[in-house]
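Q: Input: one structure, supplied below.
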Amino acid sequence: MKTINIFGSTGSIGKNALDVIRRNKKNFEVLGLCAHSNTDTLCAQIKEFSPSYVCVVDEKSAEEVRHLTKKIKLFKGENGLRDFASVDCDTSLMAISGISALRPLMINIEHAKKIALANKESIVTAGNFVLSKAKKFKTKILPVDSEINALYQFFALKNNFSKVYLTASGGALFNYKPKDLKKVRAETVLSHPTWRMGRRITIDSATLVNKGFEVIEAHYFFNLPYENIGIVVHRESTVHAFAEFADKTLFACMYPPDMRMPISFALNYPKRIDALKASNFKGRLSLSFQPLKRGQFPLLDIILKAALRKDNSLVILNGCDEVAVEHFLSGKIKFTDIYKAMNYIFSHYKSAKLKTLDDVFYWDAYAKEKTKEYLRAL
Ligand code: NDP
Ligand code: MG
């Protein structure tokens, strides 16, 4: 039985992970659960999984779970999150969204034997810091993001690949003409054709910022040069990635678009457990692939350009996107204003090297402030 701590248990990935655990009760003991402020969902999870530790980052909301935590250690606030991240365990799932995952992740690397990493912003903004610390502490980091998880599955076969292709569903607006994007509503963008995910990543899937982030994840996790990471449009999301081996044979990793699959792989690794008896390929075996048209997704182009710069630009763009997407979701700006903000910030930022983790947080705060200013003035 392995002890597990879940960061972001009330989110889309967190809930899927708890379902994987619910179906494998004999393999896991839920040691800790952590959320920001969704105490309704958290209370139900505490009752079902009886953790020993609970963390609620929003201090006011923490009081709403206190009645359930008589025998449980309750952590609250940002300091509480640091303490929660310092609890020793066999496995952690890092499924906090956004750059907020970075600090607890860096601490947790010292305390977990293995981390299933769903959060991608930590790799996009601080890939070198995260992976070198994991190496130093001999903490295994397994990617949960389905495309990168698929590549990890090839990697685990110990057969070297030098080139990969990530698949992209194209998101909710794939067939929209640029002139129709201005009027698009949040509900439309949130209705992803194949995946059910959290709100920000669903919007990022429509702009393909998300695919850009995955290219960066692939670069860091497998040490691949950017020119060897391709993207193929695959509307069905059944093939998650292709790996090209030395003899040019292409391997495809397939499973239904259900995040419980890569979560189960990452949590159970190196074992494979049939976690989802209900999942199958019914109706999903008619597959199509097409090249991605360059220029169709300008934000993907910006992210890929930034990735080559090896400076603070990805931190800047992630911060900008985090703010712009939040503004779009709360109805303050149009969908196309996300593009405008990213373009503006990318053409006006000051390039700097990231020497320490503090630099990452400095440029993140800078980008968020500049983006808010820009959006206010629109
Ligand atoms: P959600 O928005 O659904 O969930 C986010 C979770 O993080 C919630 O539990 C939320 O708590 C918690 N949280 C948010 N901010 C903070 C904070 N400052 N401190 C502590 N906890 C916080 O996101 P997803 O589950 O969709 O995504 C999580 C991560 O996984 C993201 O980085 C995403 O890019 C990545 N990912 C997600 C995929 C998916 O299918 N959903 C696929 C691949 C990667 P509360 O509910 O209380 O607000
Ligand atoms: Mg993905």
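Every number in this text was worked out from the coordinates using simple rules, so none of it is lab data. None of the values given here were measured: they were computed from a predicted structure. Heads up, the Cβs are rebuilt from the backbone with ideal geometry, glycines too, and the neighbour counts pull from every protein chain shown.
Q: How far apart, in nanometres, would the label points at LYS372 and SER50 be if each is projected 7 angstrom from Cα along the Cα-to-Cβ direction?
A: Taking the two extended label points, one gets 4.4 nm.
Q: Right, here's the next one. Give the cross-link partners of LYS293 among the lysines, using a straight C-alpha distance below 22 Å as the criterion and excluding same-chain residues fewer than 8 apart.
A: Straight-line reach from LYS293, under 22 Å: LYS163, LYS177, LYS179, LYS182, LYS211, LYS305, LYS340.
Q: Would you pull out the residues with amide H under 5 Å of MET197's amide H, same chain only if 5 or more places away, H placed 1.01 Å from N?
A: Correct list: empty.
Q: If you don't mind, there's one more thing I want to ask. Provide the gained length on full extension for the span PHE281 to LEU357, in nm with one decimal, where the gain is 0.36 nm per separating residue minus the Cα-Cα distance.
A: Numbers: separation 76, 0.36 × 76 = 27.36 nm, distance 4.29 nm.
Extra length available between PHE281 and LEU357 comes to 23.1 nm.
Q: Further, regarding this structure: Quick one: 3J(HN,Hα) in Hz for segment 74-86, Karplus 6.51/-1.76/1.60 with θ = phi - 60°, rounded, Gly and Pro as x.
A: Taking θ as phi minus 60°, the curve returns 9, 9, 9, x, 4, 5, x, 5, 5, 5, 4, 5, 8 Hz for segment 74-86.
Q: If you don't mind, there's one more thing I want to ask. Using a basic spin-label model with each label point 7 Å from the Cα along Cα→Cβ, how many nm lie between ASP90 and ASP40?
A: The answer from the label model is 3.4 nm.
Q: Next question. Using DSSP to call loops (not H, G, I, E or B), can you name the trypsin sites (Lys or Arg not before Pro) in segment 291-329 whose Cβ has at most 15 other Cβ atoms within 10 angstrom?
A: LYS293, ARG294, LYS310
Q: Measuring from label point to label point, each 7 Å out along Cα→Cβ, what is the LYS73 to LYS182 span in nm?
A: 5.6 nm
Q: Okay, next question. Under 20 Å between C-alpha atoms is the cut-off here; go through segment 18-90 and count lysine pairs that meet it, provided they're at least eight residues apart or on different chains.
A: 9
Q: Extension gain ASN128-ASN223, at 0.36 nm per residue separation less the Cα-Cα distance, in nm?
A: Taking 0.36 nm per residue and subtracting the Cα distance, the gain is 33.1 nm.
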